[in-house]
Amino acid sequence: MNEAQKPLTKTRNIGFIAHIDAGKTTLTERVLYYTGRTYRLGEVHEGTTVMDWMDQERERGITITAAATTTEWDGHRINIIDTPGHVDFTAEVERSLRVLDGGVVLFDAVAGVQPQTETVWRQAERYSVPRICFINKMDRLGADFLRTVDMITDRLRTKVAVIHLPIGSEASFRGVVDLIERRGYEYEDDKVQEVEVPASMAADVERFRDEVVERIAETDDELTMKYLRGEEITVPEIKAALRKATISNALVPALCGTALKNKGIQTLLDAVIDYLPSPVDVRAIQGVNPKTLETMERTAEAEQPFTALAFKVTSDPFVGRLVYLRIYAGSAKTGAIVLNSTRDERDRLGRLVRMHANHREEVDEIFPGEIVAAVGLKRTLTGDTLCDPRHPILLETIKFPEPVISVAIEPATRAQQDKMDEALRKLGDEDPTFQVRQDEETGQTIVSGMGELHLEVLVERMRREYTVEARVGKPQVAYREAITSRAVAEGRFVRQTGGHGQYGHVWVEVEPLERGKGFEFVNKIVGGKIPREFIRPVEMGARAALESGVVAGYPLTDVRVTLFDGSFHQVDSSEIAFRAAGSIAVREAVRRANPRILEPVMRIEVVSPGYALGDILGDLNSRRSRILNIEGHGDTQVVKANVPLAETFGYATALRSLSQGRATSTMEFDHYAEVPASLAEEIMGKVKVLSNSGARS
Ligand code: GDP
């Protein structure tokens, strides 16, 4: 075996999953410290943490990008995939959850399960990521491990296996008892020491141990029998069964500590090794043959054909474009030519690097289960599959939503134009939900993204990382159009000019599709009424016609176009003529099919102190919201609502003044919905005025 290749069973690809402020940055920092790769403890407020490369993250205290860091513990390689805690950045969360095998979910021992913990928990659940719960901040006044465990059980509807009990509490919290092993651990500075189980805890330890052993035994037939017969179950048996139960998502182990005060980190790392899956414990990766679309499977073995997923692109100041890869099967060497099966193009793995917290390690060859960054890939974007050109496979891509908001942007000085274009290109390369385009009519640069905060963060990054000062216009909502009934129409494109003429003639039907379905084209031409080579041009003409709808010029979506009749001319018919006929027919059909304007609707979650609830609801109502749910835990109220994006601009500021700064909110795109008639008229009016003055943006 290659020295660089750790046995796969000794690899863990994990992420720390938490909402903002639970202590993820601090914990990551401590883990890197204890695993010996960084030599100085950084504290968040000093801004020296290792994982948060970007100034802005440091300032806002939120981690936006998903980098991956490799480290080692007890003979195992641990790859930590950074997962953002801010739920506004869903695309980032989803992509990191796709490539990790297990997660450590952080809780604040005082606050317990917070509304936003539920959000990140559900995301992990959707991807069936096996989890461990780490109850952090045990040193804080009011910290309560068991209460938090109860909250996890009730609110997250989860079967918890309590494997630690805290020794001491709040300011006197000094260690943990490992229930399975009946061993105590205390932490002093950055050392851990084994101690006797305190006599005062002996009864509790036995009671909780019995409980957890029973719970673990229940997940395994053989152990159940042993338990019922009253036989002693050994420590290795308990651990093996708990490992199996954790990986199958039957149980979630819970332990505790404090990242800030350096207690419980080593025991957490041991638990990561003991209970979270290695790449061989998880299901074989599924994909399809890109040509036949036949389902296929690859197991995590070096002998299999090379199969990898690109899950993150960053531009690095030192080496340029870095593409993070998760290798699922096979191996590849530096310089290898691989197939990007998503784009059906070849690309080259230049250098391969493993990113450690404070250095980069060049590697010659990569193996299954690994997470590495590749330098030199030119065409590969986030979500693409890379594979052996002789054995193509296409993995399920990471789906990203279309942007819903846009703003015009210009550099503060003309001289910075080129620099701004370059910066925007790089930012767009890194973030698939951020798009840049030129408005043909006005020549303005328009950037689009998933919400106001998303665009603010990107403009801010441009200022810091690329020293480009930019001015942005007012945010514009990305409206769409859709039809509400069926209609048919004819399209004729016939020109008789001198010698060679033009002849294209089609009949099409349009019908509405379910929201989010996009565009479908169906060909029902039989008997050669239209020769085969002209069908595709009709489809292209239809697509072109839908790019700007007939109500107010917004893209038309969720429509099926069926080509069902037409005719052709032996001499005069051409691709261009059928393209034009297709366009004409679809535009006319859409006009007859009662088109409407759609607007993006966000899903907002507001966490508020009870006294501000009335004002917050009143304000939401004035924003055309639909309240979905109001839930109260103690003095904290959580409101979930749908709000049209157009009504959310400046919401963060409004919320601050409604609640004296005590309420917080997050929002993400939810769906498109029809705008009310009065508003539709307003939108149409605006479009008219602007296009008359020739200054639409
Ligand atoms: P993140 O937003 O999840 O990355 O959280 P941070 O690591 O930035 O921590 C948020 C705040 O909680 C910071 O002020 C930390 O110093 C503090 N913090 C983190 N861990 C602990 C802990 O174990 N105990 C206490 N008392 N504070 C902590």
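Observations
- Of the accessible area of region 529-687, computed with a 1.4 Å probe over protein heavy atoms only, carbon and sulfur atoms account for 49 percent.
- Of the residues Glu194, Glu539, ranked by 1.4 Å probe accessible area with the largest first, the sequence reads Glu194, Glu539.
- Take every Cα pair under 8 Å whose residues are at least 6 apart in sequence, average their separation, divide by the length of the chain, and the relative contact order is 10 percent.
- Mean-position separation - Cα centroids, region 620-675 and region 253-332, in angstrom: 36 Å
- Reachable aspartates and glutamates from Lys159, criterion Cα separation under 16 angstrom, eight or more residues apart if same chain: Glu118, Glu125, Asp150, Asp210, Glu211, Glu214, Glu218, Asp220
- Ignoring lysines fewer than eight residues from Lys24 along the same chain, the ones with Cα atoms less than 22 angstrom from its Cα are Lys137, Lys191, Lys261, Lys263, Lys312.
- Other residues with beta-carbon under 14 Å from the beta-carbon of Thr557 carry, at +1 per Lys or Arg and -1 per Asp or Glu, a net charge of -3.
- The 1.4 Å probe gives accessible areas that order Trp73, Trp507, largest first, as Trp507, Trp73.
- Efficiency of FRET between Asp221 and Arg147 - r from beta-carbon atoms, R0 35 angstrom, step 0.05: 0.55
- Ile337-Lys399 pseudo-label distance in nm [points 7 Å out on the Cα-to-Cβ vector]: 3.5 nm
- Compared with the dominant Cα axis of the chain, that is its longest principal axis, helix 535-547 is turned about 70°.
- When only alpha carbons are used to place a centre, region 11-26 and region 542-591 end up 51 Å from one another.
- Modelled FRET efficiency - R0 51 Å, Asp190 with Asp421, Cβ distances, 0.05 increments: 0.60
- For the chain, the longest principal axis of the Cα atoms and the long axis of helix 145-155 meet at an angle of about 40 degrees.
- Helical content alone sets the calculated 222 nm signal of the chain at -8500 deg cm²/dmol, taking -39,500 (n - 2.57) per DSSP H segment of four or more residues and averaging over every residue.
- Per residue, the chain exposes 45 Å² of solvent-accessible protein surface, assessed with a 1.4 angstrom probe and all protein chains in place.
- Residue (of Ile584, Ile135, Gln438) at the positive-pole extreme of the chain, dipole from beta-carbon charges: Ile584
- Report note on the peptides 153-161, 407-415: ranked by the mean count of other C-beta atoms within 10 Å, highest first, their order is 153-161, 407-415.
- Spatial separation of Cα centroids for region 122-150 and region 596-619, in angstrom: 28 Å
- Reference-scaled alpha-carbon Rg (2.2 N^0.38 Å with N residues) for the chain: 1.09
- Region 8-275, accessible surface, carbon-and-sulfur percent (1.4 angstrom probe): 48 percent
- Peptide packing for 246-253, 376-383 was compared via the average number of neighbouring C-beta atoms within 10 Å per residue; ordered from the highest value, the list is 246-253, 376-383.
The values are calculated or read from the model by the stated rules, or taken from the named source; none is laboratory data. As the structure is a prediction and not an experimental result, all values here were calculated from the model. Methodologically, a virtual Cβ is constructed for each residue, glycine included, from the backbone with ideal geometry; neighbour enumeration extends over all protein chains shown. Note: accessible area is taken over every heavy atom of the protein model, side chains too, but ligands, DNA and RNA are not part of it. Shrake-Rupley method; radii C 1.70, N 1.55, O 1.52, S 1.80 Å.
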